[in-house]
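The values are calculated or read from the model by the stated rules, or taken from the named source; none is laboratory data. Given the structure is predicted, the values throughout are model-derived calculations rather than measurements. Quick reminder, even Gly has a Cβ in these numbers, built from the backbone with ideal geometry, and neighbours come from all protein chains shown.
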Amino acid sequence: MNARRSSPFSIRTVLGLVLFGAIAFIAMLYFIGAGDTGKGGNDGRAHAASNGLNGFSGFAKLLELEGYDVNVSRSPSGLDTYGLLVLTPPSYFDAEELAELLEKREDYGPTIVILPKWYASQIPKRLPKKVREQMDVEIKDGWVRLNGAQAGDWTKDLPSPYGFTSTGETLEAGDGRQWEGMGLRGKLPSGSLVYAESSNVHEPLVSDAAGHVLALSVLGEEGSDYYENAHWALFVVEPDLLNNYGLAEAANAQLATAIIDYVRHQDNKSVTFDLTLNGFGGEANLLTLAFTPPFLAATLCMILALLVIAWRAFMRFGPARAEGPAIAFGKQRLIANGAGLILRGRRFGLLTTPYVALMARRLQARLGLVKPDHGMIDQALAHRLPQDEPFTNRAAALRKARRPSEILRAAEALHELERKLIQ
């Protein structure tokens, strides 16, 4: 029996839960679409999302303040930009992969490759008390300790005209070395230096006092297809010119903007910093995939279903109805359910033998017999009802019956014996 009762939640509570869920869902879609799914970029490595000394977040921020359209890309599609692309490959990078990318960029737009240099490790937040007392500032996320510098040897494996040999050295005094180029002069922040050997297919842009090439532009051989048609590629061999460590010097910041102005198209101020080479790349995110055919149809159906469910929930008339149990309690209901199951399955033959045994026990009780033996029941009935058909004959007729009407007539014949004994 159904009963009505008031809802345990008020309409305001339900509305608040629905609104909270909708806001949370929209926020989830935003973070998925933005590529921010929990993996932070400030991991102490040399890329545009890192705030460490070896990172380039300061370079990206500087260009943004200078009015450039800066994009820090975590998607492989960002490599196909027609604007300026800045690559920061890690140490021991695959030269073939970079060569393939640079050759593809010849038809897209200019490219800057900032080579790796430093071996760095993140500073742990829990330092010994003595060390903390000696430090004047609080350690922040992404800060690193520079453990050493080394020039990458994979640049020589790049194909012509990109390939060159890079070398590293460290000054004994440990003081930074002076650099000069593009009408500017400055000083490197450390005594560790990485430079490239001169080549006739490269144009030196920045050099130190000893003539070591710190940044170069790839020109190619004069008259070649690259020289005539390809977009420029520029290598910053010494990353301290542009990383957070070096940008503490004003002259290095001026050099950073000068390099960008030199290599980019005059009418395109778009600059993309790629993070896919540093392990932050991925395919199309779930949000983009959900709104792309053939998944778009399923997404629209899901949104429509959510709207229908919401409309149905708020347009329901009256409080929720408390439904009773599907199967009622009690012997009568149990018998009715069992009979209904047999009736639905049309297994009437299963009733005959149990009914014969049931009637034998009941006649045994009426006749005062010790046990429900069929022969003893026939003998007792012969004295009480000598004119009636014996019990065994009626029981055999019930067992042989197959159709419902035959089973019913035979069962009534057995029950007739009990009824006559009661009278």
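Can you name the residue in segment 359-382 that is closer than 19 Å to Ala397 by Cβ and surrounded by 17 or more Cβ atoms within 10 Å (Cβ to Cβ) and is also farthest from the chain's Cα centre (by Cα) among such residues?
Taking the candidates together, the pick is Leu381.
In this structure, is Ala210 over 44 Å from the mean Cα position of the chain (by Cα), in the same structural domain as Asn147 (by TED's automatic domain parsing) and outside any strand (DSSP E or B)?
Against the criterion (over 44 Å from the mean Cα position of the chain (by Cα), in the same structural domain as Asn147 (by TED's automatic domain parsing) and outside any strand (DSSP E or B)), Ala210 qualifies.
With Ser207, Ser190 as the choices, which residue is in contact (Cβ under 8 Å) with a residue 24 or more places away in the chain, in contact with an Asp or Glu (Cβ under 7 Å, 6 or more places away or on another chain) and closer than 20 Å to Ser50 by Cβ?
Ser190
Mind listing whichever residues of segment 239-262 are within 37 Å of the chain's Cα centre (by Cα), closer than 19 Å to Asp208 by Cα and outside any helix (DSSP H, G or I)?
The answer is Leu242, Asn243, Tyr245.
Name the helices (runs of 4 or more DSSP H) wholly inside segment 314-423 in which the number of residues that are modelled with pLDDT of 85 or more is 1 or more.
Hits in segment 314-423: 352-367, 374-384, 391-400, 404-422.
Based on this model, can you work out whether Glu203 counts as out of contact with any Cys (no Cβ under 9 Å at 6 or more places or on another chain), closer than 24 Å to Ser57 by Cα and at pLDDT 90 or above?
The answer is no for Glu203.
Do you know which residues across segment 43-57 are surrounded by 22 or more Cβ atoms within 10 Å (Cβ to Cβ), farther than 16 Å from Pro124 by Cβ and of a type in the set (Gly, Ala, Ser)?
Scanning segment 43-57 gives Ala46, Ala48, Ser50, Gly55.
Out of all the residues in segment 365-423, which are among the polar types (S, T, N, Q) and touching a helix residue (DSSP H, G or I) at 6+ places or on another chain (Cβ under 6 Å)?
Hit for segment 365-423 is Thr392, nothing else.
Hey, can you tell me all the residues within segment 385-402 that are without any contact (Cβ under 8 Å) to a residue 40 or more places away in the chain, closer than 21 Å to Phe348 by Cα and surrounded by fewer than 17 Cβ atoms within 10 Å (Cβ to Cβ)?
Thr392, Asn393, Ala396, Lys400
Of the residues Asp69, Asp107, Asp136, Asp157, which is more than 30 Å from Ser199 (Cα to Cα) and at pLDDT 90 or above?
So the residue among Asp69, Asp107, Asp136, Asp157 that is more than 30 Å from Ser199 (Cα to Cα) and at pLDDT 90 or above is Asp69.
Of all the residues that make up segment 89-112, how many are within 16 Å of Asn54 (Cβ to Cβ) and of a type in the set (Val, Ile, Thr)?
The qualifying residues number 0.
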